[in-house]
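Values in this text are rule-based calculations from the coordinates and carry no lab data. This structure is a prediction, so every number in the text was calculated from the model and none was measured. Cβ sites come from the backbone with ideal geometry, for glycine too, and all protein chains shown count toward neighbours.
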Amino acid sequence: MTSVMWFRRDLRIEDNIALSQAFEKSEKLILLFQVNPEQFLNNSMNHAAFFTSVLHLKKVIEEEGMHLQILFGDVKESFEQLKETVSDWSAIYFNQDEKGYGKKRDDEMRAFFKDNQIQVHSYLDHYLHGAYEIQNNAGDLYKVFTPYYNKWIELDKPTPIKVEIDSQKVVKEKLFEENEQKLEKLVEDAQLNIDYNPGTEAAKEQLKIFIEERLDDYKIGRDFPNQDKTSRLSQHLRTGEIGIRTVWAAVKAETSNESQQTFLKELGWRDFYHMVYAANPEQKDKPIKEQFAHIQWDNDEEQFEKWTQGKTGYPIVDAAMRQLNTLGWMHNRLRMIVASFLTKDLLIDWRKGEQYFQQMLTDYDPSNNIGGWQWAASTGTDAVPYFRIFNPTTQSEKYDKSGDFIREFVPELKAVKNKYIHAPEKMSQEEQKEVGVIIGEDYPHPIVNHSYARKRAISVYEESKDIKH
């Protein structure tokens, strides 16, 4: 009898619960990845990066003397094709999803597997704790992070899983060669023109660098975009190229200090946002806070375009957006600044920003991204209060004091002196000529006055609160 290991966002052969169980319990095993074109985002660095990682996994599996089969097309039709091809297929192993598209797909496919007498073995693997594992004393899911975290941190964390690979069990014959060619063409056509380093070995090296060179400074250093003090593990965690248990165990083994505790707390936020999405399945399209369901967004398309291009006239916002467009990644402090600017200063619907990040981020994770956008827009659970609005200029002065980050990504401001780097429009015409930057020609005037925008946003949010729901 043949079993199937269905890879999803667990693109690794180490510390993988479903794969470990599949090898242990199967006589004959098919390793498989299913590509559903309906999920594609065109011109998306997000998907170009993800499928590059899938191809990398395929290569790693082949180097181990095994083979990764590729199904391509509608999920159900793909597995029907597999059943026709492999008539003795009787069991499937996978790491399940508890939210979003993945949960919907898993629910539908469980019915298919049952109808075809295929035993399902599914596991929770992508998070330290499942979405429904941590509840308050009344048996409800938490809505606020701090009490959630206080319970979360007290629980024992799972340890890395040993995978005993037996390549002799794996079906090496190419069952769907044309699908493998389709995947290769998909990655080729996507043209991922960024420095993207996929795979488990790259992830483990990144974890090692973080622990040895950055962890001790993490608590403070993580807020400064011109300092490379973040873990940069988000890309590998979203693909599952490294297991969350591996990351937890490695960091937990280090000397306990404030920076170590701060990073471990970030892993708590990761679990929290996963739980929030599971509890609020419509949160990608709907605000969690009902009182902000009727905000009168301005949604100026021209201003939105200037935001996406990094041409708002606010140097820290522009540098952040250009970092995103250039690298497919943005520093976390900057994610908060640009999200606040879009939703509060420009009064543009947070969903537009969330979708743009979905397209551009190589570390796009729906739970974290939606959670972060609803936090910034004050529409989510445990979100920033609606009247707390980041001032982009003071944020810039605080977190990029000397303007090094701005100059890196907004090169037209390279010659601007430190005293003007955060607000170059304050230069006199003589000073503009002196540094070769004419505001309004070489670099835009601010597209909105922050002081005015702040008052407008508070007023609009308060009007939404007053509408009867």
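Using a cut-off of 15 Å between beta-carbons, work out the net charge of the residues near Phe405 (Lys and Arg +1, Asp and Glu -1, Phe405 not included).
Overall, the nearby charge balance is +1.
In a simple Cβ point-charge model (Lys, Arg +1; Asp, Glu -1; nothing else charged), the chain has a dipole of about 1160 debye relative to its Cα centre.
The residue among Ile118, Ser44, Thr85 whose Cα reaches farthest toward the positive pole of the charge dipole of segment 4-119, with charges on the beta-carbon of Lys, Arg, Asp and Glu, is Ser44. Computed on the chain, the Cα convex hull volume stands at 156 Å³ per residue.
Based on DSSP H segments of at least four residues, each scored -39500 (n - 2.57), the chain has a per-residue ellipticity at 222 nm of -14000 deg cm²/dmol. With a threshold of 28 Å on the Cα-Cα distance, the over-threshold entries among Lys401/Lys426; Lys83/Lys185; Lys157/Lys286; Lys204/Lys306; Lys208/Lys414; Lys28/Lys182 are Lys157/Lys286; Lys204/Lys306; Lys208/Lys414. In this Cβ point-charge picture (+1 for Lys and Arg, -1 for Asp and Glu), segment 412-455 has a dipole of about 340 debye about its Cα centre. Multiplying the residue separation of Arg456 and Lys265 by 0.36 nm and removing their Cα-Cα distance gives an extension gain of 65.3 nm.
Taking the Cα centre of segment 290-466 as origin and assigning +1 to Lys and Arg Cβ atoms and -1 to Asp and Glu Cβ atoms, the resulting dipole is close to 500 debye. May I ask you to list the aspartates and glutamates whose Cα is less than 15 Å away from that of Lys433, ignoring any residue fewer than eight positions away on the same chain? Correct list for Lys433: Glu412, Glu425, Glu441, Asp442.
Hydrodynamic radius of segment 290-466 by the Kirkwood approach over all distinct alpha-carbon pairs: 16.5 Å.
With R₀ set to 35 Å, the beta-carbon distance separating Val435 from Asp195 gives a calculated FRET efficiency near 0.70. FRET efficiency for the pair Glu258 and Asp156, taken as 1/(1 + (r/R0)^6) with r the Cβ-Cβ distance and R0 = 25 Å, rounds to 0.65. For a straight C-alpha distance cut-off of 14 angstrom, the aspartates and glutamates reachable from Lys174 (same-chain residues fewer than eight places away being disregarded) are Glu62.
Local charge for Lys157 was computed over the other residues whose Cβ lies under 15 Å away, with Lys and Arg +1 and Asp and Glu -1, and equals -3.
Taking amide hydrogens as placed 1.01 Å from N in the peptide plane, the amide H of Gln119 sits under 5 Å from those of Ala91, Ile92, each at least 5 positions away in sequence or on another chain. Note: relative contact order over the chain, using C-alpha pairs below 8 Å and six or more positions apart, is 17 percent. Over all other residues within a Cβ to Cβ distance under 12 Å of Pro446, the charged ones net out to 0, with Lys and Arg as +1 and Asp and Glu as -1.
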